[in-house]
Amino acid sequence: MKNKEHTRQVRDTVVKKFKAGFGYKKISQALNIPRSTVQAIILKWKEYQTTAHLPRPGRPSKLSAHTRRRLIRDAAKRPMVTLDELQRSTAEVGDSVHRTTISRILHKSGLYGRVARRKPFLKDIHKKCRLKFATSHLGDTPNMWKKVLWSDETKIELFGNNAKRYVWRESNTAHPYEHTIPTVKHGGGSIMVWACFSSAGTGKMVKIDGKMDGAKYRTILEENLMQSAKDLRLGRRFVFQQDTDPKHKAKSTMEWFKNKHIQVLEWPSQSPDLNPIENLWKELKTAVHKCSPSNHTELELFCKEEWEKISVSRCAKLIETYPKRLTAVIAAKGGATKY
């Protein structure tokens, strides 16, 4: 049973009598309160110079300090562990608490539930190649990057909805491997498109009908690559960028580039973060979904319309800041970056 709290007037009287020279026993008898209470009031007054109530720490935690440390350590070591799993592990050691209690403890330690970013799976060989690419091109002039025609294919869904996964992490730690979801390229209601762009703006966009193979890819290049380079005024000595998809690197395709006297940028595998067209894909998909296409015909139409709407200044900015991507790859020792 909780003891009755004495009024501020009683506490002030205790201090007043103490200042007047009365001992604990005499004050206790005069005010008819326990000697221990008198002592507690005096000790508090001596330490804080007040008899007023001080802020209280709140209800004691149900978890022991050891269990709290174990919880934080577990979430830090296994970023994708769920609250339910943490709740079960604490119950196993005799500490049964609610999920919100566990969440609050992790928040206080700087760990927050965030959606895990999806990043390409990187082997050591991938990291090595990415690092080599970044270091070898870090000193390239801005004019060199303006001569690059960037390209890629992407899937655009009629109703885009990718599953999310939460991880426990500190702020500014979204991109380390253990905080991301590895993905592979190309995974209804969608279309595949090929497009290209340069610092001077967006080039052609083409819908890919059926399954893409080497012959179909070369047809796309034949009908759109040179025209895009011409429209963007890149000149004859431009550099073409493509990823390492087998269709792109096929012998007949590379022979086509050679016959056309087109220089192809040597590209490291699993490196969408090094291709600024990925930024444009993201913006394009957002813009297209806002248009609410109801069928594939509308989806293709909106894709091409929104692609053409992307400003030259936006394209130029992506290329102007390209060296930052290289620096980020070097800083990550070839690992994933925020781009």
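Read-outs throughout are calculated quantities, based only on the coordinates presented, and are distinct from any laboratory measurement. For clarity, every value in this text was computed on a predicted model and none was experimentally measured. Backbone-built Cβ (ideal geometry, glycine too); neighbour counts: all protein chains shown.
Points worth noting:
- Proximal charge balance of Tyr112 [Cβ under 12 Å; K/R count +1, D/E count -1]: +3
- Taking a Cβ cut-off of under 11 Å around Asp209, the surrounding Lys, Arg, Asp and Glu residues balance to a net charge of +2, with basic ones at +1 and acidic ones at -1.
- Directionally averaged shadow of the stretch 8-48, computed from the convex hull of its alpha-carbon atoms, nm²: 2.5
- Residues whose placed amide H lies under 5 Å from that of Gln270, excluding near-sequence neighbours: Thr244
- Summed residue charge, Cβ within 12 Å of Ala76's Cβ, Lys/Arg positive, Asp/Glu negative: +3
- Among Cys291, Gly335, Gln9 the positive-end extreme of the charge dipole of the chain (Cβ point charges): Gln9
- Only Lys, Arg (+1) and Asp, Glu (-1) charged, at Cβ; the stretch 8-48 dipole about Cα centre in debye: 60
- Loop-located chymotrypsin sites (Phe, Trp or Tyr not before Pro) in the stretch 14-109 whose Cβ has at most 13 other Cβ within 10 Å (DSSP): none
- Candidate lysines - alpha carbon under 24 Å from Lys146, same-chain residues fewer than 8 apart omitted: Lys132, Lys204, Lys230, Lys249, Lys258, Lys260, Lys282, Lys304, Lys309, Lys317, Lys324, Lys338
- Sites listed here are trypsin sites (Lys or Arg not before Pro) in the stretch 1-91 whose DSSP assignment is loop and whose Cβ has at most 16 other Cβ atoms within 10 Å: Lys2, Lys4, Lys62.
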